[in-house]
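S.K.: So that we are looking at the same thing, I have put the structure below in structure tokens.
What follows draws every value from the coordinates through simple rules; no lab data is involved. This structure is a prediction, so every number in the text was calculated from the model and none was measured. Reconstructed Cβ throughout: ideal geometry from the backbone, glycine too, with neighbour counts over all protein chains shown.
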Amino acid sequence: MNPVLLFLVVAVVFIFILVVMSIRIIRPFEKGLVERLGRYQRMLDPGLNLIVPFFDTVVKVDMREVVLDVPPQLVITRDNVGVEVDAVIYSQVTDPVRSRYEIASYIIAANKLAQTNLRNVIGELDLDSCLSSRDQVNAQLRDVLDEATDKWGVRVNRVELQRIDPPRDITEAMSRQMKAERDKRAKILDAEAIRQSEITQAEGYKQSKILQAEGEAEAVRKRADAEKYRQLTVALGEAQAILSVFKAIHDGRPDEKLITLKYLEMLPKLAEGQGNKIFLPYEASGIISSLATMVEAMRGGDDPGAKPVMATDQANS
């Protein structure tokens, strides 16, 4: 084989290898750190980048948010209750240089730091506060971890407590307490419903009585109006009758004898009934005496043998 041709082939292969070694492709979610002979040289952005072969080394750093699962651990609360806590940390690299050269593994460091601070934060709270104030615990842990990881070029976005498990006996006691509280609220609601129902019934009964009384009052008023109208009508009729009788008597021009006779005709009607008593005035004796004399005179004219009766005897009778 021709040495020149062999040299050209080797040269082409060598150049191709150099070109391949000098090309580095950085993906969109990465940053590239160029180290030249063991020393940090520069940072590569996403895309196609060229480096010096055999002298430069590229370290890729993932810039995406990373989920760190903190292993469950036993933590003692302020009221001496042991609880098992499991947390999750969401972190993200903000400075690839410091995350590479300031710490060997920020993931392991963040896990250990989260475990330590979990003991500190939860140890300052009692059990009820831990169970009811998870947002407060999360915020405190995030602030502590973010401050500690800032020098590593890592930002802690948030911390979430997945679960806080008290001991079994505490859980059973809490369950009984919650059941008793629910039963208490149910009884209170039942009592309130009964009280409201009784109040509504009382109000309805009261309104019914008021309406009934108003109806009775209206009925009494209408009956009184009807009785008043009846009495007025009767009185008006009697007045008209009296006026008619008076007018008829006045038009007939009656004498004293006719009036006396009508007076006597009314006496039996006035005397009807066992409880009625008639008191005749002294002046009426004269009228009766005159009437008796007139009657006897009429009888004497019819029967000649009749004995005349004295007016005084008739009056005494």
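S.K.: Taking 51 Å as R0, compute the FRET efficiency from the Cβ-Cβ separation of S133 and R221 and round it to 0.05.
M.R.: It comes to 0.10.
S.K.: Once phi is turned into θ = phi - 60°, what whole-Hz ³J(HN,Hα) does the Karplus curve with 6.51, -1.76 and 1.60 give for every residue of region 125-134, x standing for Gly and Pro?
M.R.: 10, 7, 5, 4, 5, 5, 6, 9, 10, 5
S.K.: A follow-up question, please. Amide H to amide H under 5 Å from R158: which residues, 5+ apart in sequence or cross-chain, H placed 1.01 Å off N in plane?
M.R.: Under 5 Å from the amide H of R158: Y90.
S.K.: Follow-up. Could you derive backbone 3J(HN,Hα) for region 47-63 from the dihedral phi with the Karplus parameters 6.51, -1.76 and 1.60 (θ = phi - 60°), listing whole Hz in sequence and x where the residue is Gly or Pro?
M.R.: x, 8, 10, 10, 10, 8, x, 6, 10, 9, 10, 10, 10, 8, 10, 7, 9
S.K.: Let me ask another. With 10 angstrom as the radius, rank S91, S129 by how many other C-beta atoms surround their C-beta, starting from the fewest.
M.R.: S129, S91
S.K.: Still on this structure: Could you list which residues have their amide H under 5 Å from that of V70, counting only those 5 or more apart in sequence or on another chain, with H placed in the peptide plane?
M.R.: A87, V88, I89
S.K.: Quick one: what are the phi-derived ³J(HN,Hα) couplings along region 217-230, Karplus 6.51/-1.76/1.60 with θ = phi - 60°, whole Hz, x for glycine and proline?
M.R.: Coupling constants for region 217-230: 4, 5, 5, 4, 4, 5, 5, 5, 5, 5, 5, 4, 5, 4 Hz.
S.K.: Check each of the trypsin sites (Lys or Arg not before Pro) in region 2-49 and keep only those in coil by DSSP with at most 10 other C-beta atoms within 10 angstrom; list them in order.
M.R.: Those that pass, being in a loop and sparsely packed, number zero.
S.K.: Please list the radius of gyration and Dmax for region 1-116, considering alpha-carbon atoms only, with Å as the unit.
M.R.: My reading of the Cα-based Rg and Dmax gives 23.3, 90 Å.
S.K.: Jot down the radius of gyration and Dmax of region 94-208, Cα atoms only, both in angstrom.
M.R.: Considering region 94-208 through its Cα atoms, Rg and Dmax are 25.8, 89 Å.
S.K.: List the extent of the Cα atoms of region 181-242 along each of their three principal axes, largest first, rounded to whole Å.
M.R.: Extents along the principal axes, in whole Å: 90, 5, 5.
S.K.: Where the centroid of each part is defined by its Cα atoms, how far is region 159-234 from region 86-134 in Å?
M.R.: First find each Cα centre; the distance between them is then 55 Å.
S.K.: Can you sort I242, I89 so the residue with the fewest Cβ neighbours within 10 Å comes first?
M.R.: I242, I89
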